[in-house]
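Notes for the one structure printed next.
The values are calculated or read from the model by the stated rules, or taken from the named source; none is laboratory data. Worth saying up front: this structure is predicted, and the values here are computed from it rather than measured. So basically every Cβ, Gly included, is an ideal-geometry build from the backbone, and we count neighbours across all protein chains shown.
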């Protein structure tokens with residue numbers, strides 16, 4: 001196994017571990033939601049932070065799971081047509097669409113990293129009564145995009161390998 005294949009496997013392992021860890025984030029989110037419902041409807045004393053914390057946890061949960069979703073090939077695609085292609089045809093289609101994927105991830109990473117840095121360096125907080133700092137949530141956007149881009153690159157390498165193998169016969 002060459003160094004490129006080791007890197008691809010390492011990317012897969014990182015996204016597998018991050019995905020499993022992020023899946024556990026649903027538990028604190030669920031706990032906060034249950035607590036908020038009990039306080040709001042059971043004691044008529046809603047929290048200042050419950051709804052916002054749930055939103056923050058969900059945002060991190062969603063964004064950090066993008067690489068794992070790509071690893072598991074669970075993003076939406078046009079399966080009616082794509083599913084009919086041979087493995088080589090799917091690899092070729094993915095190779096062509098990778099240019100759009102790269103452009104999308106590149107712009108999203110750049111803008112999200114810029115936004116994160118602006119919020120982090122200014123110390124900006126939420127506009128609610130709770131006023132938590134926003135950077136811990138916003139860091140998940142560029143990190144999530146980076147994980148998805150790395151996983152997309154691993155898939156690109158696999159697709160190139162499929163095309164190379166079928167060319168060799």
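Below are the figures for this structure:
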read-out: Any hit, the stretch 34-51, residues being modelled with pLDDT of 95 or more and within 23 Å of the chain's Cα centre (by Cα); value: no
read-out: Test: residue in the stretch 91-99 that is more than 13 Å from the chain's Cα centre (by Cα), under 30 Å from residue 135 (Cβ atoms) and either touching a residue at least 24 places away in the same chain (Cβ under 8 Å) or part of a helix (DSSP H, G or I) (or both); value: no
read-out: Test: residue 112 is in contact with a helix residue (DSSP H, G or I) (Cβ under 7 Å, 6 or more places away or on another chain) and free of Cβ contacts under 8 Å to residues at least 60 places away in the same chain; value: yes
read-out: Residues being farther than 20 Å from residue 156 by Cα and not in a loop (DSSP other than H, G, I, E, B) - total across the stretch 45-80; value: 16
read-out: Any hit, the stretch 115-131, residues being closer than 18 Å to residue 10 by Cβ and either in contact (Cβ under 8 Å) with a residue 40 or more places away in the chain or within 19 Å of the chain's Cα centre (by Cα) (or both); value: no
read-out: Matching residues in the stretch 132-169 - criterion: being in a loop (DSSP other than H, G, I, E, B) and modelled with pLDDT under 95; value: 169
